[in-house]
Structures are given as structure tokens and as C-alpha cells.
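A.B. asks: The structure is given below, and queries will be raised subsequently.
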Amino acid sequence: MDHYFTNNENLKSEIKIINYEYNGCSFSFLSDNGVFSKNHIDYGSRLLVETFLENTETRGKVLDVGCGYGFMGIVIAKILDIHVTMIDVNKRAVHLAKRNIDKMDVNAEAFISNVYENINDKYDFIITNPPVRAGKSVLLDILINAKEHLTDDGQLWYVLRKDQGAKSMQKALESVYKVENICKSKGFYVFLCKKH
Ligand SMILES: C[S@@+](CC[C@H](N)C(=O)[O-])C[C@H]1O[C@@H](n2cnc3c(N)ncnc32)[C@H](O)[C@@H]1O
């Protein structure tokens, strides 16, 4: 079975437009077959981005892990007027993210990376709606190893559904981070992690 991250290049392209608005600022994303949440903005991603924007006063370098067509990174780059780096293992997603960066003229870059393999920098914020369907080891790799790519005061923000093991993941991450559940909505939990 093909998942949205399996890089099936034979999958027919059918470009769609997804609109979104934040505080009077309009966004229009190109999406396609073979990427996550291709027909609408995922509720968890929206909750994560909006919670992040409402709770973040400082500016800094942001890394969006598993960027898909670029929703989270592009909204953050535009609203906070900062540079965002976006990575994904899915080639079609990265291609769309690049097109969306150009289309919305934001200060951001997108490139292929399997988890952090092409990341050498440190970031003030790592933000992710992680790929649950890729399995627990990828999930742990993204969330636990974020620590190596955060500055000393850096923050990891992620969203997970209650029925996707949000509570047990929180426990697993508590050995590595101070973990705070910032908001809950419709079964989605947004977490903020800081290094001990
Ligand atoms: C839940 S989706 C979120 C997509 C996007 N951030 C959004 O909000 O629409 C998770 C993303 O992680 C990507 N992904 C899966 N495995 C990955 C890996 N090993 N390294 C990097 N990204 C991965 C998927 O291709 C997918 O785009």
C-alpha cells in the first residue's frame, strides 16, 4: 500500500488549490495527489501553527520537519517575517513546497531530507506534525533527535492525536525534555518541549 511519503512518481498529478487565512492574511497552497492532507489543511497542523503563533514572542530560526506542501513553514515565515527551513522525505511534497514558497514569496527554503540527515544547523524552533503512519521509530527519531538540532534554549513544538498515543509519547519524551501540553482540541494535543 502506498503512503503519502513513499515517493510514487507514477502517481498522476492533479494540482489542487487550498486556501487559508490567518489574521486577515490570505494564503493559497498548491497541493497534489501523493501528499499528506491533499484536499484540505489538516486540523492538527492548523492547531499547531496557530498555537505556536499565539504563544511565541521571540523570533528565531525555524525548522519544519515533514513539511508536506509547506503549510506550516510558509504561514510561520509570512506571519513572523522570519526565515524557515522546511524538509520532507517525499519528493513531490518538497517540489510543491518550493512552488508554494515562490508563489507566496516568503523567506524560506525546502529540501529533501530523511529525518535530519541533511540538517547541519541548529534552530531556535523545530516544529512538526510528525508522520505517525511512518511508524514509531521514525516518530521517535524526529522527536527525540530534534534535541541535537536545537539551540540551548531551543523549543520543539509538535502535535499528536490522543488516539495516536499522545500521552505515551509525552512520557517517552520526558526523559529528554521538559514537556508541556499547551493545548487540546478535538482530540489533538499540542506539546512544547524544552531541553532539561
Ligand atoms: C502528518 S504529515 C504533515 C505534513 C505537513 N507538515 C502538513 O502540515 O500538512 C507528515 C510529513 O512527514 C513526512 N515524512 C514521513 N517520513 C519522513 C522522514 N523519514 N523524514 C522526513 N519527513 C518524513 C511525510 O512525507 C509528510 O509530509
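A.B. asks: Being more than 14 Å from V65 (Cα to Cα), free of Cβ contacts under 8 Å to residues at least 40 places away in the same chain and assigned to a helix (DSSP H, G or I) is the filter here; which residues of the range 82-113 pass it?
C.D. replies: Those that are more than 14 Å from V65 (Cα to Cα), free of Cβ contacts under 8 Å to residues at least 40 places away in the same chain and assigned to a helix (DSSP H, G or I): H95, K98, I101, D102.
A.B. asks: Is the range 61-69 home to any residue that is within 13 Å of the ligand (Cβ to nearest atom), of a type in the set (G, A, S) and either buried (at least 21 other Cβ atoms within 10 Å of the Cβ) or closer than 30 Å to N145 by Cα (or both)?
C.D. replies: Yes, that holds for at least one residue.
A.B. asks: Let me ask something additional. I'm told G34 meets every condition in (1) part of a helix (DSSP H, G or I); (2) in contact (Cβ under 8 Å) with a residue 12 or more places away in the chain except one. Can you identify the failing condition by its number?
C.D. replies: (1)
A.B. asks: Does I41 count as part of a loop (DSSP other than H, G, I, E, B), under 24 Å from Y20 (Cα atoms), in contact (Cβ under 8 Å) with a residue 24 or more places away in the chain and more than 14 Å from the ligand (Cβ to nearest atom)?
C.D. replies: No.
A.B. asks: So, in the range 136-177, exactly how many residues are outside any helix (DSSP H, G or I) and closer than 14 Å to G66 by Cα?
C.D. replies: Here the count works out to 5.
A.B. asks: Take the residues in the range 120-142 that are of a type in the set (A, V, I, L, M, F, W, C), buried (at least 19 other Cβ atoms within 10 Å of the Cβ) and near the ligand (Cβ under 10 Å from one of its atoms); name whichever of them is farthest from G154 (Cα to Cα).
C.D. replies: Filtering first and then ranking leaves L139.
A.B. asks: Hey, can you tell me all the residues within the range 1-31 that are small (G, A, S) and in a loop (DSSP other than H, G, I, E, B)?
C.D. replies: Within the range 1-31, S13, G24 qualify.
A.B. asks: Can you name the number of the only condition in (1) away from the ligand (no atom under 12 Å from the Cβ); (2) at pLDDT below 95 that L156 fails?
C.D. replies: The single condition L156 does not satisfy is (2).
The values are calculated or read from the model by the stated rules, or taken from the named source; none is laboratory data. Given the structure is predicted, the values throughout are model-derived calculations rather than measurements. For neighbour counting, all protein chains shown are included, and Cβ atoms are generated from backbone atoms with ideal geometry for every residue, glycine included.
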